[in-house]
Every structure is written in structure tokens, then in C-alpha cells.
Amino acid sequence: MSPITRLAAAAVGGTLLLATACGGGSEEPAPGPKPAPSPAEEEPKDSLFDGAVRVAVKYDQPGFNFQDQETRAYAGFEKDLAEYLSSELQFTMDLKDEPSHRREKVLENGTSQLVIATYSITEDREEQVDFAGPYFQTRQGLLVRAGNKDITSRETTAGKVICTVSGSTSAPETPGAGKKLAQLLPKARIDLRDSYSQCVDQLRRGNFDAVWTDRAVLYGFMERYDDIKVVEKLELGSPQRYGVGVQEGREHDCRKIADALRRFLGTDQDWRNAFRSHFPRLAKEDPDFEQHYKPAAETVDDYSCSDD
């Protein structure tokens, strides 16, 4: 019983005692109508967590989520996060590989109930899906071959062929990205692929000059391959904040995820341990990695479960 319901019950009880004392009769008055529960007390009829939850993920992004082709097992920061949420919210997860350009679609058509796939929270996306988060933040940057000395700044990308991914916040066709692209890399030629692993493969083969996306994603590939590097001291654009994508209309479930993310970002080291486990080189090179990549727990309230 909530505090409001308990107060209502106490008030009714007090009225009945007063009426009995004043009237002196032996009959008890009929009880009044039961107070209706407040909206905050009402539980939804169903929840995403009542059964198995299909989670859309990336399978080819080292550091965040990467699937071993022999064992088919996933490993990465976002795999650890998915397991944390599964444990905290008591649901069975079923991971499903999805490319970036399908993230909104799988939530809209219900083939996945959650998306945990380096999914940046943006105003345009919030018109189609809800977000809980952020659980990670990063600026954007460029990945080049290890011996490359030509690309050191935005200006030196003029005439270079740079790969990024369809449906990402770096892609020219993404709402709001065209203007950003013109400002950040005005004279570069942008080529698109379906995944960053395709971009990186073609970069390593010499078919692209660079790969452009979030620096943390690029560091994940640099952790895996020795022949590529993230361009030092080159950070582009505003911070990207990753959230868990949730089907619209599931505010109660979204709030539960947001509460769990605040705990994940809290003082029990879950976030720090996941980062150090899957970005060991970056954690060693950047002693302030938490300051740069970990959102403050209180920011979850600012970005989660918008009811606009």
C-alpha cells in the first residue's frame, strides 16, 4: 500500500470511529468507496520483461560487441551491459544482429524490443523511438592506416576518400548530418558501407584513406588490428551519447532500464570493469578514460524516456 493509500485508509477509519462514538449505535456504517489508485501506482498490463527479450546488437564492432565466428559467442562492452540489464530486470535475452540503418525499423515493427548497438541519442531518432541512457559518450574521429602521415587534421582530409556507415550519425543521408559533414570534412569524399567492419576491411586493403565515426568505435578496431590507428588529437563534432533504444509507448519499461543504467554507472565499478576489459589499450593510454567516456549517472534523467 502506498503512502497516499495508507493516509486515505486512516482518514476513513478515523471518521468511522467518530461517527460510532457520537451516535452510540451498534451498527457500523457501510464503508465508503475504495480510493482509486493514482496513475503512479498503476502497473501496465504487460511488460517487455515478461518473456524473452529480443535485443538488436552489432556483431562486428570490437570493443562494443564482436561475435566469434567459430563459437558464435559475443563479447564486448555492450554484451556486458545487456547481461547486466538481463540480470537486474530479470529477463531472458535473445541477441539479434542488425545493421545501423535498421535500428529504428526493428523497434517499429516489433522484431526487436531493445537496441543496444552504439545507438546515439538524437532528437530526430527520439521522434521514432524512446531511449534510456546515456551509458557511454564519445566524440568522433578518424581511423587511418598505421603508416599514414598525411591525415592529421580536418584540413588534410581534402580530396581523401573516407568511409562511414549508412544510418549512422556520420552518414550524409542521416537527418541533420549533411550540414555537419559539410562543416567538419568539407572537401573530403564520403563513401558508405553497411557496417564499420566493411569500412575497416577496405581501409586496410588500401581502398579508403580513412574511416570516420565515433572515436570509441575506432579504438575498438585499433585494439584488434595493429595496422591501423586513430588520428591523435583530432576530435570532431559534438559528443555522441549512446542509449538503449526502446519501443515507443513502453515508458514504464523504459524507466526501469533507466534506473538500472544509473546503477550501472554508479559506484560499484560495473562500468569501469567493462571498459577496462574490452578497451584495455585505451584504458592504459588514457588514465582519465572515465572522465572522457563515462556519462555522469545524473544525466540519465536528462536524456531518458522522453514523453514528447
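The values are calculated or read from the model by the stated rules, or taken from the named source; none is laboratory data. Keep in mind that what you see is a predicted model, and the values were worked out from it rather than measured. Neighbour counts run over all protein chains shown; Cβ positions are idealised from the backbone, glycine included.
Among (1) surrounded by fewer than 23 Cβ atoms within 10 Å (Cβ to Cβ); (2) not in a loop (DSSP other than H, G, I, E, B), where does Gln128 come up short?
Tallying (1) surrounded by fewer than 23 Cβ atoms within 10 Å (Cβ to Cβ); (2) not in a loop (DSSP other than H, G, I, E, B), Gln128 fails exactly one: (2).
Residue check: is Ala75 under 18 Å from His278 (Cβ atoms) and either assigned by TED's automatic domain parsing to the domain that holds Tyr225 or modelled with pLDDT of 50 or more (or both)?
Yes: the conditions hold for Ala75.
Mind checking which residues of segment 117-142 are within 29 Å of Arg154 (Cβ to Cβ) and of a type in the set (D, E, K, R)?
Those that are within 29 Å of Arg154 (Cβ to Cβ) and of a type in the set (D, E, K, R): Glu123, Asp124, Arg125, Glu126, Arg139.
State whether one or more residues within segment 242-262 are under 14 Å from the mean Cα position of the chain (by Cα), in a loop (DSSP other than H, G, I, E, B), closer than 24 Å to Arg103 by Cα and not assigned by TED's automatic domain parsing to the domain that holds Cys163.
Yes; the residues of segment 242-262 include at least one that is under 14 Å from the mean Cα position of the chain (by Cα), in a loop (DSSP other than H, G, I, E, B), closer than 24 Å to Arg103 by Cα and not assigned by TED's automatic domain parsing to the domain that holds Cys163.
Of all residues in segment 85-123 being touching a residue at least 60 places away in the same chain (Cβ under 8 Å), assigned to a loop (DSSP other than H, G, I, E, B) and among the small types (Gly, Ala, Ser), which is nearest to Glu248 (Cα to Cα)?
Checked segment 85-123; the qualifying residue nearest to Glu248 (Cα to Cα) is Gly110.
Report yes if Ile151 is part of a strand (DSSP E or B), surrounded by 17 or more Cβ atoms within 10 Å (Cβ to Cβ) and modelled with pLDDT of 90 or more, otherwise no.
The answer is no for Ile151.
Residue under question is Leu234, and the condition is that it be farther than 22 Å from Leu95 by Cα, in contact with a strand residue (DSSP E or B) (Cβ under 6 Å, 6 or more places away or on another chain), touching a residue at least 60 places away in the same chain (Cβ under 8 Å) and outside any strand (DSSP E or B); does it hold?
For Leu234, the condition - farther than 22 Å from Leu95 by Cα, in contact with a strand residue (DSSP E or B) (Cβ under 6 Å, 6 or more places away or on another chain), touching a residue at least 60 places away in the same chain (Cβ under 8 Å) and outside any strand (DSSP E or B) - is met.
Give Ala283, Ala296 a once-over and let me know the one that is hydrophobic (A, V, I, L, M, F, W, C), part of a loop (DSSP other than H, G, I, E, B) and either within 24 Å of Tyr225 (Cα to Cα) or out of contact with any helix residue (DSSP H, G or I) (no Cβ under 9 Å at 6 or more places or on another chain) (or both).
So the residue among Ala283, Ala296 that is hydrophobic (A, V, I, L, M, F, W, C), part of a loop (DSSP other than H, G, I, E, B) and either within 24 Å of Tyr225 (Cα to Cα) or out of contact with any helix residue (DSSP H, G or I) (no Cβ under 9 Å at 6 or more places or on another chain) (or both) is Ala296.
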